[in-house]
1. With A:79, A:94 as the choices, which residue is open to solvent by less than 20 Å² (accessible area, probe 1.4 Å) and within 14 Å of chain B (Cβ to nearest Cβ)?
2. Among the residues of region A:122-133, is there at least one that is among the aromatic types (Phe, Trp, Tyr), touching a Phe, Trp or Tyr at 6+ places or on another chain (Cβ under 8 Å), at pLDDT 90 or above and surrounded by fewer than 15 Cβ atoms within 10 Å (Cβ to Cβ)?
3. If residue A:110 satisfies every condition in (1) at the interface with chain B (Cβ under 10 Å from one of its Cβ atoms); (2) surrounded by fewer than 15 Cβ atoms within 10 Å (Cβ to Cβ) but one, which is the exception?
4. Open to solvent by less than 50 Å² (accessible area, probe 1.4 Å), part of a loop (DSSP other than H, G, I, E, B) and either farther than 28 Å from residue A:148 by Cα or in the same structural domain as residue B:32 (by TED's automatic domain parsing) (or both): which single residue out of B:225, B:210 fits that description?
5. Determine whether region B:104-117 contains at least one residue that is within 14 Å of chain A (Cβ to nearest Cβ) and open to solvent by less than 30 Å² (accessible area, probe 1.4 Å).
6. If a residue must be touching a Ser or Thr at 6+ places or on another chain (Cβ under 8 Å) and within 17 Å of residue B:235 (Cα to Cα), how many such residues does region B:46-62 contain?
7. Anything in region A:38-68 that is in contact with a helix residue (DSSP H, G or I) (Cβ under 9 Å, 6 or more places away or on another chain), away from ligand 2 (no atom under 16 Å from the Cβ) and either within 25 Å of residue B:165 (Cβ to Cβ) or without any contact (Cβ under 8 Å) to a residue 24 or more places away in the chain (or both)? List them, or say none.
8. When region B:143-157 is examined, which residues are found to be surrounded by fewer than 22 Cβ atoms within 10 Å (Cβ to Cβ) and assigned to a helix (DSSP H, G or I)?
Amino acid sequence: MKGSEVRIEGIDKHFGDFHALKNVGVDIQKGEFFSLLGPSGCGKTTLLRIIAGFETPSAGIVYVDGRNILPLPPNRRQVNTIFQNYALFPHLTVFENVAFALRLKKYGKQEINSKVEEYLNLTKLTGQEYKKPAQLSGGQKQRVAIARALVNEPDVLLLDEPLSALDAKLRQHMLIELDMIHDKIGITFIYVTHDQQEALSVSDHIAVMNEGRIVQVGNPTEIYESPADIFVANFIGEANLFNGTVTAVEGEMVWVAVEPLGILKVTMEPGDLEGTRDFKPGRRVSITVRPEKINISLEKPADLPADAFNFFPCAVDEVIYNGFQSKFFVTIPDFARFTLKVFKQHMSYYSTGSEINWKDKAWIWWKADDAYLVEVHDA
Amino acid sequence: MKKSRFSRIVFFLTLIFLFMPLIVLVVYAFNESKNMSWTGFSLVWFQRLFTASRSIWRAFWNSILIALSSAATATAIGTLGAIGINWYSFKLKKYVQTISLLPLILPEIIIGVSMLIFFVGAGLHLGLLRIYIAHTTFNLPFVLLVLMSRLDEFDFSIIEAARDLGAREHQTLLKVIIPMAMPGIISAFLIAVTMSLEDFVITSFVSGPGSSTLPVHIYSMIRTGVSPVVNALSVVLLGGTAGLVFLMRPFFKYITHE
Ligand SMILES: Nc1ncnc2c1ncn2[C@@H]1O[C@H](COP(=O)(O)OP(=O)(O)OP(=O)(O)O)[C@@H](O)[C@H]1O
Ligand SMILES: [Mg+2]
């Protein structure tokens, strides 16, 4: 495995009175595609700039392969950055942009030519060598930035929202290409984004950040299915949240009283109720249920074991047809201030069951183990 | 219809008003007689200019020497200054920026007087050296202004990118910042040359005997009566200026750019 392992420990960063990073710590493994995900202003760029050496932390250490790199200036770190706005040298051709680092290292002419060609090839830029950055499209500029950073053969590549300036289609395409480049060269990627779809689709691990803190680190499934708190549940994908109080715990089953719906049943994974996630009766909790895990139909579902399912009658307020799925916005009687989202995939050509329309009365239900419990930190 | 004829008339009157003096000057440069009556076409004043006017040519070469050297110095200092002010943060940055641009709005006569007092106080007697220092000083703010607006167009992350790719600080300066700013540097240099060539007020304060520049020298010649040699010289300079403007054309967009 190529690349380096990056270990961030206790990083704090103050800008004057503003506390931009608060005790940030994370371990990034050799050669993985690691994403920093969070809303605008949460400190992602600041953390990346600390790793690159453009910003000095107020406290904490960054280790690359066990070595503290903070004393090194940016030019001596085996780390390269892809900037959000590309930051190509406007006075140099594509070839010279890519050759920049090699010329500084005083490589021979032959070597420069072959290396630059190799990386232009990797980024599909062959034929564009003699253009200036101003003559390139956004996607091409992005590729030059990638080639320019990779030709250096860094141990770690930092990417700061590299796709944000591209249109939606191209973004999809470049994301896949980035992933393929990552697979091919195998170095550590640290990828900053505020787009959860991007992060979920390519990352080995994701750190979700909020207001200068890392709130959860995990693989995409963990982040999506087991959000650490309400913020993560809401930020990643869509979620229905029910606030309530634990009334009883038995084995893996938790009963939660949600006013005025009544009791909801949640099944946790074995072992999930130990340690810090200790949901004793009386605890305030939030139940998250992903919209695609809720079923909807006009008829009351028959034969559902009452102890493994939650079901409610509802009114359909809004139907949005999306081609591959339909989104229903429904309210439960007596609970009308709270709109639930229900997504139904269109799995077969002919829809199963009768069609659900606006203003219909319907039934929703979900399995107790398709919900997830999140602790509420009382503010 | 009427309106367009009116505006055309105004246009021509304006042109005449602006250029008539120049036309008169050019015409009389080719007049045979020494005074203002036309007696016939002749190149005698040009001949006199090129063969029998050593002091004019000394002043001319002084002007060129001062212009090139002071412009080069001001451009070098101003470029580094603009880079520093634009891209590096330090204490008192705002004040440095304001003070460095102050001479732009200061009346020349005040600069001239203060320079004279300074040189006398410092015991500096060499005329040309004084002029060189004075011109460098008053050119500096213009160079700063042109370069700061040029550098403003570039993103600081380009410099970070260079550092990121392994460039040390001086390599970043030589390989990225200066080449990128080159059009601005050239136009600043040309502006400085022009300003230095045409300066009269400040130079007349600091120049000593035998060390005047062309504008100051011409002025002293004219005080003893207008010589058609000056007309001939003016025609030569006019041609030279026109040529320079033509050369500078590609850089105009950086000068006028805000
Ligand atoms: N040089 C600075 N001086 C003062 N405040 C700063 C500075 N750099 C960043 N900040 C502040 O730190 C916070 C985090 O900024 P940062 O750029 O890291 O956010 P981000 O997560 O990258 O956001 P985005 O997704 O919008 O790029 C912001 O509130 C920002 O205003
Ligand atoms: Mg950012």
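1. A:79
2. yes
3. (1)
4. The unique qualifying residue is B:225.
5. Within region B:104-117, not a single residue is within 14 Å of chain A (Cβ to nearest Cβ) and open to solvent by less than 30 Å² (accessible area, probe 1.4 Å).
6. 1
7. Passing the criteria: A:53, A:56, A:57, A:62, A:64.
8. Matches in region B:143-157: B:145, B:148, B:149, B:151, B:152, B:156, B:157.
The values are calculated or read from the model by the stated rules, or taken from the named source; none is laboratory data. Here the structure is a predicted model, which means the values were calculated and not measured. Counting neighbours? That spans all protein chains shown, and the Cβs are built from the backbone with ideal geometry, glycine included. These area figures cover heavy atoms from the full protein model, side chains too; ligands, DNA and RNA do not enter into them. Shrake-Rupley method; radii C 1.70, N 1.55, O 1.52, S 1.80 Å.
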